[in-house]
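Asker: Please see the structure below; I have some questions.
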Amino acid sequence: MPRGRPREFDADVAVERAMNVFWSCGYHGTSLPDLLEATRLSRGSLYSAFGDKHGLFLRALDRYIDDALARLDLELDPKRRALDGLRACLAGYVERTSRARGKRGCLVVATAMELGAHDDEVTRRIQRFFRRMETQLTAALMRAQAEGDLTDGVAPSVVARLLLCLLEGMRVIGKTGSDRDVSQAAVAALIDRFVK
């Protein structure tokens with residue numbers, strides 16, 4: 001017969017609620033009482049399910065990264081024309097970094113700034129996220145090149161790095177209330193540099 005009581009909560013829901021608290025307050029700005037209130041878990045249940053605050057944070061960061069990469073996969077779907085996917089990806093970032101939505105920023109970028117230099121587990125996750133994002137952008141740009149949509153001499157890997165820096169930079173600038181029209185114009189100007 002199994003020992004102990006079965007869990008009476010949905011771990012995925014608890015992780016999502018915790019993710020939203022960490023996203024709003026940062027790792028150090030989030031207290032255990034904040035997490036207990038948000039997740040509606042007892043201290044014992046939280047520790048039993050996630051180990052500690054850091055364990056729950058890693059699960060929340062993984063959730064955020066998985067959601068962001070799934071969105072990127074959808075936007076850059078190889079079944080659609082590559083340039084259309086790239087435009088959809090860039091338009092999505094403009095929307096996510098504008099107005100009230102933009103002020104929340106990006107959990108990955110905030111975590112990189114807060115913990116990246118001091119936490120190896122966090123650093124590995126952030127590096128994986130940026131590598132995967134850059135790889136997906138490079139693949140889309142290579143497809144756009146094969147489809148004849150890029151100007152001659154464009155190196156997909158170089159443009160992918162440039163796009164990665166632009167997109168994550170937009171997340172930082174969005175924290176201060178980025179102007180949607182200016183962001184849209186910046187994205188359009190960049191696309192015009194490498195598209196026929």
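Asker: Mind listing whichever residues of the stretch 169-185 are over 19 Å from T111 (Cβ atoms) and surrounded by fewer than 16 Cβ atoms within 10 Å (Cβ to Cβ)?
Answerer: Result: G177, D179, R180, D181, V182, Q184, A185.
Asker: Let me ask something additional. Evaluate the stretch 68-79: report whether one residue or more is among the charged types (D, E, K, R), surrounded by 15 or more Cβ atoms within 10 Å (Cβ to Cβ) and modelled with pLDDT of 95 or more.
Answerer: yes
Asker: Given the options A144, A186, name the one that is more than 30 Å from G55 (Cβ to Cβ), at pLDDT below 95 and assigned to a helix (DSSP H, G or I).
Answerer: Exactly one of A144, A186 is more than 30 Å from G55 (Cβ to Cβ), at pLDDT below 95 and assigned to a helix (DSSP H, G or I), namely A186.
Asker: Of the residues that make up the stretch 132-152, is at least one closer than 27 Å to A60 by Cβ and over 16 Å from the mean Cα position of the chain (by Cα)?
Answerer: No, the stretch 132-152 has no match at all.
Asker: Another one. Would you tally the residues in the stretch 36-65 being surrounded by 15 or more Cβ atoms within 10 Å (Cβ to Cβ) and within 23 Å of R124 (Cβ to Cβ)?
Answerer: 13
Asker: Taking the stretch 89-125 only, how many residues are crowded, with 19+ Cβ neighbours inside 10 Å and in contact with a Ser or Thr (Cβ under 7 Å, 6 or more places away or on another chain)?
Answerer: Count: 5.
Asker: Report, by residue number, each residue of the stretch 49-97 that is of a type in the set (G, A, S) and in contact (Cβ under 8 Å) with a residue 40 or more places away in the chain.
Answerer: Those that are of a type in the set (G, A, S) and in contact (Cβ under 8 Å) with a residue 40 or more places away in the chain: A49, A60, A68, A82, G85, A91.
Asker: With the stretch 1-119 as the region, which helices (runs of 4 or more DSSP H) entirely inside it contain at least 3 residues that are more than 16 Å from the chain's Cα centre (by Cα)?
Answerer: So the answer is 11-25, 32-39, 43-50, 53-75, 82-96.
Asker: Pull out all pairs, ordered by first then second residue, where Cβ-Cβ is under 7 Å, the residues are six or more apart or on different chains, the first lies in the stretch 106-135 and is among the small types (G, A, S), and the second is surrounded by 15 or more Cβ atoms within 10 Å (Cβ to Cβ) and part of a helix (DSSP H, G or I).
Answerer: Between residues of the stretch 106-135 that are among the small types (G, A, S) and residues that are surrounded by 15 or more Cβ atoms within 10 Å (Cβ to Cβ) and part of a helix (DSSP H, G or I), the close pairs are A112/I126; G116/V122; G116/T123; G116/I126.
The values are calculated or read from the model by the stated rules, or taken from the named source; none is laboratory data. The structure presented is a predicted model; accordingly, all values stated were derived computationally and were not measured. With ideal geometry, Cβ positions are generated from the backbone for all residues, glycine too; neighbour counts draw on all protein chains shown.
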